[in-house]
Amino acid sequence: MRKILFAAVALSLAGTGLAADAAALYQAKCVACHAKDGKGSAVGKKMGAPDLTTLKASEKEIANVVENGKGKMTAFKGKMSPDEIQAVSKYVKSGLK
Ligand code: HEC
């Protein structure tokens with residue numbers, strides 16, 4: 001019983017850690033073009049960045065764009081680990097939360 005409890009606590013801690021990392025990653029790598037609210041900075045809009053909060057793309061498609069870039073968007077392959085790309089894509093897919 002105690003073991004199960006410990007596992008549950010460890011899991012929930014890991015969960016919050018991931019969310020915090022994803023938010024920090026988004027701040028560091030994406031805000032310049034997509035803005036804090038995901039609707040696009042002035043610079044990003046000029047380049048054609050879409051509103052990330054109304055995106056229909058799946059998490060996998062988002063990860064693919066982050067990894068390989070699209071249009072004027074930078075590719076992050078080699079600049080972010082696969083785990084980081086996964087985390088930030090999940091963050092975008094869940095409405096930047
Ligand atoms: C240099 C500016 C720039 C940065 C930095 C940037 N983006 Fe983008 N992003 C764009 C532009 C421009 C587009 C539109 C691309 C197109 O459709 O031509 C775009 C499109 C997207 C899309 C939509 C893809 C689709 O399916 O149409 C997603 C999702 C996205 N970006 C996520 C991110 C994430 C997450 C980050 C940070 C890891 C990021 N972007 C960093 C400029 C940027």
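Bear in mind these aren't lab numbers, they're just calculated from the coordinates by the rules spelled out. Predicted model, so just to flag it, every value in this text is computed and none were measured. When we count neighbours, we look across all protein chains shown, and the Cβ atoms used for this are built from the backbone with ideal geometry, even at glycine.
Structural remarks
- Net charge over other residues, Cβ less than 12 angstrom from the Cβ of residue 60 (K, R count +1; D, E count -1): -1
- Environment charge at residue 90 (Cβ cut-off 13 Å; Lys +1, Arg +1, Asp -1, Glu -1): -2
- Legend: Rg and Dmax of the range 20-93, from Cα coordinates, 11.0, 30 Å.
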